[in-house]
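Below is one structure; the comments refer to it alone.
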Amino acid sequence: MSEFTNPDIGLDTAPSGGFNFENVHRNALIEAQLQKASSSSSSKNNITPLATKTGTTIVGLVYKNGIVLGADTRSTNDTTVADKNCEKIHYIAPNIYCCGAGTAADTEKTTELISSQMELLRMNTGDGQSRVVTACTMLKRMLFRYQGYVSAALVLGGCDVNGPHLYQIYPHGSTGKLPFTTMGSGSLAAMAVFEEGFKDDLEEEEAVELVKRAILAGIFNDLGSGSNCDTTVIRLDGTVVHGRNCIMPNEVQPLRDMVKRSDTLNMRAGTTAVLKSSFKPRKSGFGVTLADVTVTPMET
């Protein structure tokens, strides 16, 4: 990338503060090279590379007796809604679950792989309870190894012998342990709800309602998030409660039932006259029966 740097910047000069515009020169050179490449090729469309965005709202918080995770259910393909009711809360271990934002295939396969590794680890160590920090270490090591090309932004939560734990894991492998966190394109709207309503030692009902409000804020204020709200409660006693589609703010069936469509174009039975009908039974002796099958023994 040395050809994309400005030689006038950074030579024996100390930063003087304020904004840094050193990438302006680099971006202009990249656009010039893209235009040159597009003019020399048969393609007339020149598209400058853009940053990819995660169309999701996923959240998690620590309450008095465990962890509450939440996610919306919209899956998008560019500007198209690909799936209105996808699951974004993935199983890692009986006491650990993980919300995923980013590329759907990356989040699903990454969590499946780590879940398999956690199961093998439990089998090798006496079938004990998995540690949340172990799952976090495995996930961030894998993501760092791929240098961000595996687009999986994760919110990992669970309870073990050391109490409830909540981690946020970025696609490049950086992690943070927090009392509450949000990720995805609707994370700012959800974080505004958390910062206003979160407090230490929340009761379970209060925590679940706060998570629902945060997800709804992402659904109604972010175009990449939508449809329904899923929640998962992981308690210190080892029990897990799944709230699949616990809130469906965009349910359209009642509206469809209210629409009275015209019956003029419906073709009822008997509209077209039957001029003739006949039935001819199949003659016996045709077709293949078990007697016609020759069984050849397999060589062993």
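For the stretch 241-300, enumerate the residues that are in a loop (DSSP other than H, G, I, E, B), closer than 30 Å to A207 by Cβ and of a type outside the set (A, V, I, L, M, F, W, C).
Result: P249, N250, E251.
Yes/no per residue for (1) under 30 Å from C98 (Cβ atoms); (2) open to solvent by 100 Å² or more (accessible area, probe 1.4 Å); (3) touching a strand residue (DSSP E or B) at 6+ places or on another chain (Cβ under 7 Å):
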| site | (1), (2), (3) |
| --- | --- |
| N250 | yes, no, no |
| Q253 | no, no, no |
| T271 | no, no, no |
| V295 | no, yes, no |
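Restricting attention to the stretch 229-276, and to residues there that are among the small types (G, A, S) and modelled with pLDDT of 90 or more, which single residue is farthest from Y63 (Cα to Cα)?
Ranking the candidates gives G243 first.
Only strands (runs of 3 or more DSSP E) wholly contained in the stretch 55-141 count here; list those with 2 or more residues that are among the aliphatic types (A, V, I, L, M) and open to solvent by less than 40 Å² (accessible area, probe 1.4 Å).
In the stretch 55-141, 58-63, 66-72, 89-93, 96-102 are the strands (runs of 3 or more DSSP E) which contain 2 or more residues that are among the aliphatic types (A, V, I, L, M) and open to solvent by less than 40 Å² (accessible area, probe 1.4 Å).
Give the stretch 143-163 a look and list any residue that's under 18 Å from the mean Cα position of the chain (by Cα) and surrounded by fewer than 17 Cβ atoms within 10 Å (Cβ to Cβ), or say none.
G148, Y149
When you check T52 against the structure, is it exposed (fewer than 15 other Cβ atoms within 10 Å of the Cβ) and modelled with pLDDT under 55, yes or no?
In short, yes.
Give the residues of the stretch 113-131 that are more than 19 Å from I234 (Cα to Cα), among the small types (G, A, S) and at pLDDT 95 or above, sorted by residue number.
Listed by number, the list holds a single entry, S116.
Kindly indicate whether T80 is polar (S, T, N, Q), modelled with pLDDT of 85 or more and closer than 30 Å to Y167 by Cα.
no
Quick test for you: out of L236, L223, L166, L178, pick the one residue that is surrounded by fewer than 17 Cβ atoms within 10 Å (Cβ to Cβ), touching a Ser or Thr at 6+ places or on another chain (Cβ under 9 Å) and either closer than 14 Å to G66 by Cα or in contact (Cβ under 8 Å) with a residue 24 or more places away in the chain (or both).
One residue alone meets the criteria, L223.
The values are calculated or read from the model by the stated rules, or taken from the named source; none is laboratory data. This is a predicted model, so every value here is computed, not measured. Cβ coordinates were reconstructed from backbone atoms using ideal geometry, including for glycine residues, and neighbour counts include every protein chain displayed. Surface accessibility is based on the protein's heavy atoms, side chains included, excluding ligands, DNA and RNA. Shrake-Rupley method; radii C 1.70, N 1.55, O 1.52, S 1.80 Å.
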